[in-house]
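Read the figures in this text as sums done on the coordinates, not as results from a lab. Keep in mind that this is a model prediction, so the values were computed, not measured. All Cβ positions, even for glycine, are placed from backbone atoms using ideal geometry, and neighbour counts span all protein chains on display.
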Amino acid sequence: MKRLKNIVFLILLINKVYGQIFTHPLGGSCASMGEVSVCEEGIWSLQNNPAGLTQITNWGAGIYYENRWMLKETGDKSAGIGMQWDRIGTMGILIHQFGSNAYSESQFGLVYAREFGPHFRMGLRTDYLLFNYGDSYPHRSALCCALGIQTDINESLSLGALLYSPLMTSQLSSNIFYPFSTVVKTGIGYRFCKGFKGYLEFAKDSHQEGLGFHSGLEYQLFDRIQLRAGMKLHPDLFCFGIGYTLRKIHVDVAAQMHPLLGASTQMSIVFISD
């Protein structure tokens, strides 16, 4: 009976979980602003929008942890590094893991991004995905990709877009294909004045009805402190956080509240070389 329950659980999990972690935005600043991500610049563009990785002038690295719904079984851990190469572009590596020994999803991503003129940039990420079902079931793996673009309309307005898993299905065994969500995101970032930014974003998941909506605000309180708040609809999240910059180190802390599942906390530390 227990084995039957585990099988039913896995069937439900396959239908609902695949592709979620691999499109889940990373970084404390993003988490505190309603998970707006396509206009993201810097190291967490490795996940959020590969095009933004070009804004690293030399190299950078970061670590991120999310205690989702305050459960250790749903911990979300990430680490990434990016480096710019003259006349070649910017390249990076992302390692992302969600879950526990009973069930986990792992993502290993390779990113290449390049600028095309001063106002347009494009990035591509290729993911190797690994699914671990514990000791009772075999591991499964798959390949997916993400394509992102960003453009600056003027000094205040920027646009971004991301397309993830455009092939719709990926192979998890020699003769079985499971559908991954195709996710399309598009958004804008606007600088109202020095130290005050706003973001709007829309997302469409092929496995979910309706359109996701994200919004966030960031205010530079002092030279080193940033205050952030935001919200997300479908599913609903209310978010806030704070960032602190100390020379080359950026620390961002965030908290999110889901009306049914409760609170989640996030923290990221980023080092950016000049």
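Descriptive notes on the structure:
- For region 2-272, the Cβ-based charge dipole about the Cα centre amounts to some 320 debye (Lys, Arg positive; Asp, Glu negative; other atoms uncharged).
- Computed over the chain, the ratio Rg/Rh where both radii use C-alpha atoms and Rh is Kirkwood: 0.97
- Full extension of the chain between Leu159 and Trp85 gives 24.2 nm of extra length, using 0.36 nm per residue less the Cα-Cα distance.
- Annotation for Leu200 and Ala263: the two label points, set 7 Å from Cα along the Cα-Cβ direction, are 3.2 nm apart.
- Between Glu209 and Leu71, the modelled label-to-label distance comes to 2.5 nm, taking each label 7 Å out from Cα in the direction of the beta carbon.
- Take the Cβ atoms of Ser141 and Arg191, set R0 to 45 Å, and the FRET efficiency comes out at 0.60.
- For region 2-272, the number of Lys pairs with C-alpha atoms closer than 27 Å, counting only pairs eight or more positions apart or on separate chains, is 23.
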